[in-house]
Amino acid sequence: GYSTGMPIVVFLLAERLRQLGKFTFSDVVSLRLEETPMRIFGALASLVVIGFYLIAQLVGAGALIELLVAIVGTLMICYVMFGGMMATTWVQIVKACLMLAGGAVIAVLVLARFGFDLSALLRGAAAVHAKGQGVLAPAAAARSPFSSLSLALALMFGTAGLPHILMRFFTVPDARAARNSVVWGTGLISTFYAATAIFGFGAIVILSGDASAIGADGKVIGGVNMVAIHLARLLGGDVMLGLVSAVAFATILAVVAGLTLARASAVSHDLYARVVLKGRPDEARELKISRIATVVLGLVAIALGVAFQGQNVAYMISLAFAIACSSTFPVLVLSIYWRGLTTRGAIAGGSIG
């Protein structure tokens, strides 16, 4: 689902958004609809979607170290306040390189345990798991086909409705660069997500029965968010544990910085500059509001990250994708492709979604 989300962006949105030269979701949908109500809707929808995504990232940080929620939150605030889009972009580039390298190393180490025989890995997982051969089947689809299809659609189309993803098309020089960047991104993302199957089945076998990873109750020590950390430690000792923890830290920091930038833009650019100032340019005041919003929203995110400790990160992120798929994505696509879309219809449909 996550992998197929980016081709949707390529075919439906990438070139169109870059040709329009707009900065945020609200900029695009306000082109031919009533500006004030659409900007208010766009800003609120962005804040809700990004809010769930941001909480998930900070919960992931807290799974590593409780203090890390505050550390990541503070770094995020400083990064966005003083570095803006350029700093956020560079930390995401570094993050991507680290994550791909770390993922490749773990995948190789897992496969090496089974003589690079994928069938042996799958047989081993089925042998130790409580479900037996059932762990190799798409259990969610068999148990609830409608819910499984619904989640798949949310992950596919939700990507195209995420505000911090859409902002990226403003940073490339032209429409062709937008298309090429998404094609390369799709290839790398798909490769990494294919490797997660190796991580998962490898973790079932390698963590099974290990008292340092599995508690007396049969559950993963530290919760399900810690599986990759335990796997790295058992595969490569403290060195690999440190590497994967660093990758996780960089990943969380990069995503959180991008999310915070998008949230601050929703407040300063969409609400303040366009609704309060009615489009009258005042870059100094807009920048000031953006920095204030960054600090306030960052502090709120830290508080929520602490409050939601223990929540499953995958569930929280899926929730963000589901809301984006149901709300911002259809409004965005219709505003670009359907002349019959009205302001009233967009707000009603997007709000219900």
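The values are calculated or read from the model by the stated rules, or taken from the named source; none is laboratory data. Source: prediction; values computed, not measured. Cβ coordinates were reconstructed from backbone atoms using ideal geometry, including for glycine residues, and neighbour counts include every protein chain displayed. Ligands, DNA and RNA are excluded from the accessible area calculation, which covers all protein heavy atoms including side chains. Shrake-Rupley method; radii C 1.70, N 1.55, O 1.52, S 1.80 Å.
What does the highest-first list of 115-125, 147-157 look like by mean Cβ count within 10 Å?
Numbers: 115-125: 14.5, 147-157: 16.9.
Averaged packing, sorted descending, gives the order 147-157, 115-125.
Rg to Rh for the chain: what is it, with Cα atoms only and Rh by Kirkwood? Kindly include the intermediate steps, with their values, before the conclusion.
Numbers: Rg = 21.3 Å, Rh = 21.5 Å.
A ratio of 0.99.
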Computed label-point distance, nm, for sites Asp238 and Arg143 using a 7 Å Cα→Cβ extension | 4.0
Extension gain from Ala314 to Leu153, taking 0.36 nm per residue of separation minus the Cα-Cα distance | 56.4 nm
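Does segment 271-353 classify as rounded, prolate or oblate by the C-alpha gyration tensor (a ≥ b ≥ c root eigenvalues; a/c under 1.5 gives rounded; else a/b over b/c gives prolate, otherwise oblate)? Can you show the working numbers first?
On the way: a/c = 3.15, a/b = 1.07, b/c = 2.94.
Taking the square roots of the gyration eigenvalues as a ≥ b ≥ c, segment 271-353 is oblate.
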Mind checking which aspartates and glutamates have their C-alpha under 16 Å from Lys278, skipping anything on the same chain fewer than 8 residues away?
-> Asp27, Glu34, Glu35, Asp270, Glu286
Per residue, what accessible area does the chain have, given a 1.4 Å probe and all protein chains present, in Å²?
-> 48
Computed on Cα atoms, the radius of gyration and Dmax of segment 177-258 in angstrom are 15.6, 53
Distance (nanometres) between label positions extended 7 Å along Cα→Cβ at Val295 and Ala87 | 1.4
Length-normalised contact order of the chain, Cα under 8 Å, at least 6 apart, in percent, tallies to 39
Heavy-atom accessible area of segment 224-353 with neighbours in place, 1.4 angstrom probe: carbon+sulfur share in percent works out to 67
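Can you show me the helix-derived [θ] at 222 nm for the chain, built from DSSP H runs with n ≥ 4 at -39,500 (n - 2.57) apiece and divided by the number of residues, rounded to the nearest 500.
Values: 15 runs with 260 residues, N = 353.
Helices in the chain give a 222 nm mean residue ellipticity of -25000 deg cm²/dmol.
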HN-Hα couplings for segment 95-110 via Karplus (6.51, -1.76, 1.60; θ = phi - 60°), in whole Hz with x for Gly/Pro, come out as 4, 4, 5, 5, 5, 5, 5, x, x, 5, 5, 5, 4, 5, 5, 5
Given the options Arg280, Arg32, Arg16, which has the most mean-square fluctuation in a GNM of the chain, springs set between C-alpha atoms less than 10 angstrom apart?
-> Arg280
Between Ala322, Ala45, Ala175, which gets the highest mean-square fluctuation from a Gaussian network model of the chain, Cα cutoff 10 Å?
-> Ala175
